[in-house]
1. Would you mind telling me which residue in Thr30, Thr247, Thr209 has the biggest mean-square fluctuation in a Gaussian network model of the chain, where springs connect alpha carbons within a distance under 10 angstrom?
2. If you take the Cα atoms of the stretch 119-202, find Rg, then find the Kirkwood Rh from the mean of 1/r over all pairs, what is Rg/Rh?
3. Just the ratio, please: alpha-carbon radius of gyration of the stretch 221-278 over 2.2 N^0.38 Å, N its number of residues.
4. Just want the ordering: Val281, Val166, from fewest to most Cβ atoms lying within 10 Å of their own Cβ.
5. With θ taken as phi - 60° and the coefficients 6.51, -1.76 and 1.60, list the Karplus ³J(HN,Hα) couplings across the stretch 131-141 in order, rounded to whole Hz; mark glycine and proline as x.
6. I need the phi-derived Karplus couplings for the stretch 4-19: 6.51 cos²θ - 1.76 cosθ + 1.60, θ = phi - 60°, integer Hz, Gly and Pro marked x.
7. Looking at the chain as a GNM with Cα springs under 10 Å, which of Glu285, Glu80, Glu250 has the largest mean-square fluctuation?
8. Listed highest first by mean packing, meaning other Cβ atoms within 10 Å per residue, what order do 263-274, 60-71 come in?
Amino acid sequence: MIEVREVTKRYGTKTAVDRLSFVARPGQVTGFLGPNGAGKSTTMRMVVGLDRPTSGEVLVNGRRYAEHAAPLREIGVLLEAKAVHPGRTAVSHLLGLARTHGIPRRRVDEVIDLAGLGQVAGKRVGGFSLGMGQRLGIAAALLGDPSVIMLDEPVNGLDPEGVLWVRNLLAGLAAEGRTVMLSSHLMSETALIAEHLVIVGRGRLLADTTVADLVAQAAGGGVRVATSHPGLLRDLLSRPGVTVTSTASEELRVNGLTSREIGMIAAEHRIPLYELVPHQVSLEEAFMDLTRDAVEYAATPETTRVLQEATR
C-alpha cells in the first residue's frame, strides 16, 4: 500500500505538491494522472525517498521507504527507463541490483524471461531501443518480487505487443493482491488498465475516484438519439422534467427519459431510430474537462488555430 498524507513539497518559492493525500490500495491498479507540471513525478520521487517532503509523509506498507531493511522487496519502481549505465549489459545491471538485497541469480533469469529480454540479456544497455529499455526497467521493478509496484509511463516506446504485455502484466499483479500504481499520459490505455484514479493539477488533488464514476460524472447522463425526424421526435418527447437538445442535424440528447421510454415513444409513432445509447464520454474527455484550469503549459488559441490550418 502507498499512503500519501498531507504532503507538501516546495522548491524555493515554487510549490510542486500542495497538501496532497491519497491511498493506492492492494488488489487494484491506481492510475496517477495529471497535466505536465502537476507534481506527479515529484510525488513518485517522494514515495521512494529521492525527494523529501517539506511537510507531511509518504508511507510504503506502513513505513517510510528508507526505514525498510530491503526496500526492493517492498516496492518495485520504474521512474526513468534510461537511468542505467549504458556500458552494462541487461543481466549485469539486474545482477548488481540483486546483490544489494541478496536476491538469487535465478530470480534475475526469471524477470529477464518475463520481460522478453532473453535474446538481448548479454547486450549493452546503451544500444537498447526505448521499448527494450522500458522492458528492462520493468524487469528491475519486479526483481524483488515486491508487494507494491510503481511505474512512470510504463508503455512509453513499446509496440502494440509490448503494450498488451504490460496491460496483462499489471492486471495480473493486481489480481495477486499487489498494489499497482502507474502514471501515464495515454488516457485510452489507462482506461483499460486502471480501476482507481488519482488526478492532480498544480500539485493539488483534483479527483480520487474510479474510471467509471469519473466518466459518468463528465457525461452528465442523458441519452443520445439519432433519427431522420429530429423535430417530430423532439415534440413528442417534450414534457415536464424532460430536456431535449440538438447536438447535430439528426441527433438529439435527451435528459429525463430512459432509452426504453424513448424507444417506445418512437415506435408508437413509427419514427425510425439509427442510434439510441446513453451519452458517453471517453476518459480523455473527462480528464481534459477536469484539468482544464490546472494546465500549466498550454498553447494559446491563436497558436492552436495556426497549427490546425498548417496541417490541412
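Rule-based calculations on the coordinates, nothing more; no lab input. For clarity, every value in this text was computed on a predicted model and none was experimentally measured. So basically every Cβ, Gly included, is an ideal-geometry build from the backbone, and we count neighbours across all protein chains shown.
1. Thr247
2. Working: Rg = 13.5 Å, Rh = 13.8 Å.
Radius of gyration over Kirkwood radius for the stretch 119-202 works out to 0.98.
3. In units of the globular-protein estimate, the stretch 221-278 measures up at 0.94.
4. Working: Val281 17, Val166 20.
In increasing order of surrounding Cβ atoms, one gets Val281, Val166.
5. x, 5, x, 4, 4, 5, x, 5, 4, 5, 5
6. 10, 10, 6, 8, 10, 9, 10, 10, x, 8, 8, 9, 7, 9, 10, 6
7. Looking only at Glu285, Glu80, Glu250, the biggest GNM fluctuation is shown by Glu250.
8. Details: 263-274: 12.8, 60-71: 15.0.
Highest mean packing first, the order is 60-71, 263-274.
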